[in-house]
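Novice: Below is the structure I would like to discuss, written out as structure tokens.
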Amino acid sequence: MENHSVEVSVIIPNYNYARFLRQRIESVLAQTYTDYEIILLDDASTDDSTSILKHYSANPHVSHLEINSVNTGSPFAQWQKGISLSRGKYIWIAESDDAAEPSFLKKAVSVLKQYPDASFCFLGSHCIDGEGNQLTTDFDRWTSKQLSRSHNMGVFDGEDYIKHNLYWRNYIYNASGVVFRKQCFEQIKDLSCFSMRYSGDWLFWIEMAKQGMVVEVYEKLNNFRLHNVSTTKKGQKTGDGVREDIYIVNRIEHSLVNIGRQRKTVRHGSFYKEIKRLKVPTEIKEELTLHLVSSLKANSSDYYVERFNKSFSWLMPWLITRDKDRL
């Protein structure tokens, strides 16, 4: 690709997803919006990925093909590498096992142009299986609160979005559904998210939300593939994912002063619930509980507050729960 400016940099980080790679790249090439470059990255795959990537490297949209000789062990390190190579005003991290509808990029770019103070916009997803069949699983979980908003969009102050949404969970569950503003990324001072193994994406979106407005688009134009092998599931099996999650919540509590005691109590209680339900040895649960107490000053009674609020918030609307607090 000639060295001229483009509006969007599409980063496709890959590790051993040869079976999905062609569909991923073809779904990018099929976008109705065409002012983009493609940055192909491979993290030392052991399958047929590199031959597929080399085939597509001749496409005029492809500006870079970078193949690591040694696996980094972190998908977020690949994000950072791709961003450093990018030339676009907007960035789309198109995960190699996902796909997109042809209108995805056109919609996302138009939203970011409409809201110049937005750091990123997040579009909904259809979940698909390994063969590309659409599943009934729904990670968006939109209710009438979201779907009643004008123009199928919600526009939020970044700190409010962290407090009411990202404090509870990573609602930005799939990077492939996001297009963000590179200028906002460049304002982030702490990039420790890129050294994380499991929850770096969650911390990344928190840091991005601090840089401006957040726009949710209530249209399912992304295709999020669910399959058995994922970094998140590996983190659940070892408990390491929970450790990273506790670290992130601790970061939020130290950076936002107006979270509120009840919200903190219920959030801490949800960690107790999560640890109880983990399918790991008892000694790991005990270690995680001690880590929760020392990091967040949590108390075992927080668990019962969370359970009480969950059960009776319909009767007492002032009680905070994760779902009710969501913007």
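Novice: Relative contact order for the chain using alpha-carbon pairs under 8 Å, separation at least 6, rounded to a whole percent?
Specialist: Numbers: 560 pairs, mean separation 58.5, N = 327.
Reported as a whole number, the value is 18 percent.
Novice: For each pair in 210/285; 264/297; 145/189, compute the distance between the two Cα atoms and list the pairs where it is over 22 Å.
Specialist: 210/285; 145/189
Novice: Something else now. For the range 1-62, state which GluC sites (Glu not before Pro) are in a DSSP loop and have at most 16 other beta carbons lying within 10 Å of their beta carbon.
Specialist: The qualifying sites are 2.
Novice: Tell me which of 130, 151, 275 sits at the most positive position along the dipole axis of the chain, charges placed on C-beta atoms (Lys, Arg +1; Asp, Glu -1).
Specialist: Positive-most Cα among the choices belongs to 275.
Novice: Something else: Local charge sum around residue 218 (other residues, Cβ-Cβ under 10 Å, Lys/Arg +1, Asp/Glu -1)?
Specialist: -1
Novice: What stretch of the chain, leaving out the sites themselves, is the longest with no chymotrypsin sites (Phe, Trp or Tyr not before Pro) in a DSSP loop having at most 14 other Cβ atoms within 10 Å?
Specialist: Formally, the longest exposed-site-free interval is 140-313.
Novice: OK, next. How many angstrom separate the Cα center of the range 175-213 from the Cα center of the range 35-104?
Specialist: 18 Å
Novice: Return one number: the angle in degrees, 0 to 90 and rounded to the nearest 10, between the long axis of the Cα atoms of helix 301-312 and the longest principal axis of the Cα atoms of the chain.
Specialist: Between the helix axis and the principal axis of the chain, the angle is about 80 degrees.
Novice: Could you give the angle, 0 to 90 degrees to the nearest 10, between helix 104-114's Cα long axis and the longest principal axis of the Cα atoms of the chain?
Specialist: On a 0 to 90 degree scale, this one is about 70.
Novice: Going through the range 160-220, which GluC sites (Glu not before Pro) have at most 13 other Cβ atoms within 10 Å and a DSSP loop state?
Specialist: For GluC sites (Glu not before Pro) across the range 160-220 that sit outside H, G, I, E and B with at most 13 neighbouring Cβ atoms in 10 Å, the list reads 186.
Novice: While we're here: Taking the Cβ of residue 8 as the center, what net charge do the other residues with Cβ under 13 Å away carry, scoring Lys and Arg +1 and Asp and Glu -1?
Specialist: +4
Novice: Show me, for the range 169-181, the HN-Hα J-couplings you get by feeding each phi into the Karplus relation (A = 6.51, B = -1.76, C = 1.60, θ = phi - 60°), rounded to Hz, glycine and proline as x.
Specialist: Whole-Hz 3J(HN,Hα) from phi for the range 169-181: 6, 8, 5, 8, 6, 8, 4, 5, x, 10, 10, 10, 8.
Novice: Under a 5 Å amide H to amide H cut-off, with H placed in plane at 1.01 Å, what residues pair with residue 44 once short-range neighbours are removed?
Specialist: 68
Novice: Taking the Cβ of residue 265 as the center, what net charge do the other residues with Cβ under 9 Å away carry, scoring Lys and Arg +1 and Asp and Glu -1?
Specialist: Within the 9 Å Cβ shell, the charges total +2.
Novice: Given DSSP loops and a limit of at most 13 other Cβ atoms within 10 Å, what is the longest stretch of the chain that contains no such trypsin sites (Lys or Arg not before Pro)?
Specialist: Answer - 1-140.
Where a number appears in this text, it was derived from the coordinates with a stated rule and is not lab data. Just so it is clear, the structure is predicted and the values come from calculations on it, not from any experiment. Every residue, glycine as well, gets a Cβ built from its backbone with ideal geometry; the counts of neighbours run over all protein chains shown.
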